[in-house]
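Every number here is computed from the coordinates shown, using simple stated rules; none is lab data. The structure presented is a predicted model; accordingly, all values stated were derived computationally and were not measured. All Cβ positions, even for glycine, are placed from backbone atoms using ideal geometry, and neighbour counts span all protein chains on display.
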Amino acid sequence: MTRLKTHTTMPLAAVVLLLALSACASTGRIAPPDPAVTDITDSMPAETTAEEDRHNMTLISMGPSSMLDLCRMLLPPGEEDDSGARFALSSLSRYVGRPDAETERLMFVRALTNALEERSEPEVRAFLISLFANRQQER
């Protein structure tokens, strides 16, 4: 009897887990941003360029996921305040534009490209595209 119970319970648990995962995926839920990213957005704009550079170095060291977190924090006008994320992305755009930062620049551009694929709001997309334009103008 125990053997039958185990064989019945395991597939049932797997089905329930798959249904739960597909429900989350179908609602378009995205994991909350890394707390370190929200700490940075909460302190933007930075008070000094040294502080801004430290934030940028932290975001770079965290990798593309931190940049994508920032992009996911952007909101269309009229919704909540997303100025911290906008300041952080603008700052990062300038930071990766410095000489000899090609690897960081490429990581940033790839994160923006991924964000553009995720976002459908015209105002958010326009802001992301403007960050590409900043990269081109500073070269």
Environment charge of ASP82, counting only residues whose C-beta is closer than 13 Å and scoring Lys/Arg +1, Asp/Glu -1: -4
Derived scalar couplings ³J(HN,Hα) [the stretch 64-77; Karplus, 6.51 cos²θ - 1.76 cosθ + 1.60; whole Hz; x for Gly, Pro]: x, 4, 5, 5, 5, 4, 4, 5, 6, 7, 5, 10, x, x
PHE108, PHE127 arranged by Cβ crowding within 10 Å, fewest neighbours leading: PHE127, PHE108
Per-residue HN-Hα couplings for the stretch 109-118 [Karplus 6.51, -1.76, 1.60; θ = phi - 60°; Hz; x = Gly/Pro]: 5, 5, 5, 4, 4, 4, 5, 4, 5, 7
Residue order, fewest to most beta carbons within 10 Å, for LEU68, LEU112: LEU68, LEU112
